[in-house]
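The values are calculated or read from the model by the stated rules, or taken from the named source; none is laboratory data. As the structure is a prediction and not an experimental result, all values here were calculated from the model. Glycine gets a Cβ as well: all are built from the backbone with ideal geometry, and neighbour counts include every protein chain shown.
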Amino acid sequence: MPEIRVEIGERKRSYPILIEKGIKEEIGRLLTARYQGDKILLVTDKNVRAYYAEVIEELLRKAGYEVVIYTLPAGEQAKSFKYLHKGYDLLLEKGFNRDNLIMALGGGVVGDLAGFLAATFMRGISFVQIPTTLLAQVDSSVGGKTAINHPKGKNLIGAFYQPELVVIDPDFLQTLPLRELKTGIAEVIKYGLIADRDFAIYLKEHKEAIFNLETEALLHLITRSCAIKAEIVREDEKEKGVRALLNFGHTIGHAIEAVTGYQVYNHGEAVAIGMIGAGRLSCKLGFLTREDLEILGDIVRLYGLPFSCRYGEDVEGLFQTLFYDKKVRENKLRWILLERLGHAFIKSDIDNQLVREILEGLV
Ligand SMILES: NC(=O)c1ccc[n+]([C@@H]2O[C@H](COP(=O)([O-])OP(=O)(O)OC[C@H]3O[C@@H](n4cnc5c(N)ncnc54)[C@H](O)[C@@H]3O)[C@@H](O)[C@H]2O)c1
């Protein structure tokens, strides 16, 4: 079974990511080997509950645990103070203590909220992730970022809090809507572009297998993505340096999500447009070759991700929104660019006029 270890600082803060078809059936055994407490709060959302929560609950009960299910509404609205508060209430009402465990069963929304709940309840209790979207399997369940949203912005309240175990079963993806699959693929493409040219080419050549959800292709996709992210997080857990490379495409992507009111493009679609923008910028500055820029465009197009953004003519509005990013320091944007396909770097001093030109080409 592919296993990736995420090692953070001292070895005691390292944890495994187990990736295997059908592994969800083994959850009881995997947990009893690691968790001696009696209670589990199983956090999920309405959609995932309908498909999977009862099966997982039954497996956990058979393994001897008392399971309390906390069902969130589906979607970003669940990452709020309201549902965090309800989570604390439920934990206290059901008599949870520091020796108990919270398990996230769902996409990035469930993982982010459940992780923050685990990070803060009684100053931190054990946390296990079972991600069920592609985005969560390749991105949000790895690396320990947990958060809820504030009315002033996404993910503004949160903590770095690593889980003890991540269990990834590609079978969950069988029920995932296509648009959600594609949003995860955008992040997978990003890993190829920033860290592994061969992986980017693999994506270019295996669209059919990936869209047909063939096990071998999915396992490769997930394993390689997790390995790249784990390697980056190992070097820089708190995003003081190299972890910023994971934001390739996100500077423009976040601005597109914001100016369109988070209604038009989902995260992966906005990041896809952002990757096109950052790729063109890299090319204009003489780093990425035209051929490699074309490959980047081909991959984005191949997976049916958007290339440009339908957002009127207000390039200046989009430009200004770039500066609302949490990563902006002293009013300077930190661009993640491609030196070549498979190799990213950070650059801050980019002429604003050039950035405006790139944005004009995207809207
Ligand atoms: N912590 C991190 O490092 C990190 C990284 C990237 C994104 N995120 C966060 O992740 C969130 C987005 O995550 P997401 O894209 O997984 O969205 P999501 O959690 O909202 O899930 C997308 C939709 O798919 C449904 N769903 C989930 N699994 C399913 C399955 N197997 N079958 C059918 N339907 C299923 C959900 O109910 C939801 O409607 C955002 O809040 C973002 O900020 C966090």
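Pairs linking a residue in segment 324-344 that is at positive phi to a residue that is aromatic (F, W, Y) and part of a loop (DSSP other than H, G, I, E, B), with Cβ atoms under 8 Å and 6 or more positions apart or on different chains, are N331/F323. With the structure loaded, tell me whether L362 is farther than 21 Å from V259 by Cβ and not polar (S, T, N, Q) or whether it fails that test. So L362 does not fit the description; no. Looking across segment 302-329 at every residue that is more than 18 Å from T251 (Cβ to Cβ) and among the small types (G, A, S), the one that is surrounded by the fewest Cβ atoms within 10 Å (Cβ to Cβ) is identified as G312.
Within segment 54-80, can you find the residues that are in a helix (DSSP H, G or I), within 21 Å of the chain's Cα centre (by Cα) and either more than 12 Å from the ligand (Cβ to nearest atom) or buried (at least 16 other Cβ atoms within 10 Å of the Cβ) (or both)?
First, pick out the residues of segment 54-80 that are in a helix (DSSP H, G or I): 54-62, 76-78.
Then drop every residue that is not within 21 Å of the chain's Cα centre (by Cα), which leaves 76-78.
The answer is A78, and nothing else.
Apart from one condition, D292 fits all of (1) assigned to a helix (DSSP H, G or I); (2) under 27 Å from E208 (Cα atoms); (3) in contact with a helix residue (DSSP H, G or I) (Cβ under 6 Å, 6 or more places away or on another chain); the exception is (3). Scanning segment 87-109 for residues that are among the basic types (K, R) and under 24 Å from V55 (Cα atoms) gives a single hit, K94. Looking only at segment 8-34, residues that are surrounded by 17 or more Cβ atoms within 10 Å (Cβ to Cβ), at pLDDT below 95 and part of a loop (DSSP other than H, G, I, E, B) come to 1 in all.
The set of residues in segment 88-100 that are under 21 Å from L165 (Cα atoms) and not in a loop (DSSP other than H, G, I, E, B) contains only L91. Look at (1) over 27 Å from E187 (Cα atoms); (2) among the aromatic types (F, W, Y); (3) surrounded by fewer than 17 Cβ atoms within 10 Å (Cβ to Cβ) and you find that F160 fails only one, number (1).
In segment 168-190, the residues that are within 22 Å of I201 (Cβ to Cβ) form Cβ pairs under 6 Å with partners that are more than 10 Å from the ligand (Cβ to nearest atom) and β-branched (V, I, T), at six or more places apart or across chains, as follows: I189/I299.
Filtering segment 205-216 to residues that are without any contact (Cβ under 8 Å) to a residue 40 or more places away in the chain and under 19 Å from L18 (Cβ atoms) leaves only E216.
Here is a list: L354, L333. Which entry is more than 15 Å from A244 (Cα to Cα) and not polar (S, T, N, Q)? Going through L354, L333 in turn, the sole match is L354.
Filtered by the rule that a residue be at pLDDT 90 or above and over 26 Å from G297 (Cβ atoms), segment 311-339 gives a lone residue, Q320.
Criterion applied to A159, A195, A209, A217 was being of a type in the set (A, V, I, L, M, F, W, C) and within 20 Å of M275 (Cβ to Cβ), and the one residue passing it is A195.
Given the residues I299, I256, I273, I228, which is the only one that is part of a helix (DSSP H, G or I), at pLDDT below 95 and surrounded by 19 or more Cβ atoms within 10 Å (Cβ to Cβ)? Reasoning before the result, please.
Working: I299 fails: at pLDDT below 95; I273 fails: at pLDDT below 95; I228 fails: at pLDDT below 95.
Residue meeting the stated conditions: I256.
Please verify whether L285 is closer than 21 Å to G108 by Cβ and either surrounded by fewer than 18 Cβ atoms within 10 Å (Cβ to Cβ) or touching a Cys at 6+ places or on another chain (Cβ under 7 Å) (or both), treating the condition exactly as stated. Write out each step before concluding.
Details: closer than 21 Å to G108 by Cβ: no; either surrounded by fewer than 18 Cβ atoms within 10 Å (Cβ to Cβ) or touching a Cys at 6+ places or on another chain (Cβ under 7 Å) (or both): yes.
When the stated conditions are applied, L285 does not pass them.
Please enumerate the residues belonging to segment 261-270 that are over 19 Å from L245 (Cα atoms) and either among the hydroxyl-bearing types (S, T, Y) or assigned to a helix (DSSP H, G or I) (or both).
Initial filter on segment 261-270 (over 19 Å from L245 (Cα atoms)): 261-266.
Matches in segment 261-270: Y262, Y265.
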